[in-house]
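We did not get these values from a lab; they are worked out from the coordinates using the rules stated. The model shown is predicted, which means the values in this text are computed figures rather than measured ones.
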Amino acid sequence: MDKKKISVLMTVYKENEEELRESFESIINQTYKNLEIIVVIDFPDETWRKELIEQYKDTRVKLILNEKNIKSYIKDTLEKYKERFNSPKILFVIINQSLTIKTCQQKIDLINKNNVQFIDTIPIYLENYFK
């Protein structure tokens with residue numbers, strides 16, 4: 001089993017508490033544990049989302065608060081924060097989507113098999129993104 005670190009990027013905008021909890025818990029409860037979890041909160045006017053994530057006290061989590069809403073999605077978020085990732089392998093999670101417990105293991109297998117650096121939970125390949 002491959003134990004290379006994988007970065008999981010999750011952007012948060014105006015999701016409700018149930019959506020946020022469900023999606024976040026589906027990430028932290030993965031069978032593949034060697035994760036760096038980067039949560040970008042793109043709606044800084046409300047602090048409850050930050051507080052909710054902090055309640056989990058998961059040391060793998062890096063919490064990033066945008067100073068203003070940049071309506072970030074894949075391209076904008078990667079461009080702005082790519083230097084903060086400790087892994088060149090990135091899984092992008094759509095906030096209102098829950099992962100199955102083995103999603104990260106399946107995706108890292110797919111990343112390694114196809115020699116790509118980025119994949120999201122709806123398989124989109126951005127080869128050479130970090131070159």
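At a Cα cut-off below 16 Å, give the aspartates and glutamates reachable from Lys80, other chains included and same-chain residues fewer than 8 away excluded.
Lys80 reaches Asp42, Glu67.
So between Asp109 and Thr59, what do we pick up on full extension, going 0.36 nm a residue minus the alpha carbon distance? Could the numbers behind the result be given before it?
Details: separation 50, 0.36 × 50 = 18.00 nm, distance 2.42 nm.
Length gained, Asp109 through Thr59: 15.6 nm.
If each residue of separation counts as 0.36 nm, what is the full-extension length gain between Asn16 and Lys102 once their alpha-carbon separation is subtracted? Mind showing how you got there, number by number?
On the way: separation 86, 0.36 × 86 = 30.96 nm, distance 2.48 nm.
Taking Asn16 through Lys102 to full extension adds about 28.5 nm, to one decimal.
Of Lys57/Lys102; Lys4/Lys50; Lys14/Lys62, which pairs sit farther than 25 Å apart, going by alpha carbon to alpha carbon? Numbers along the way, then the final one.
Numbers: Lys57/Lys102 22 Å; Lys4/Lys50 28 Å; Lys14/Lys62 19 Å.
Those over the limit are Lys4/Lys50.
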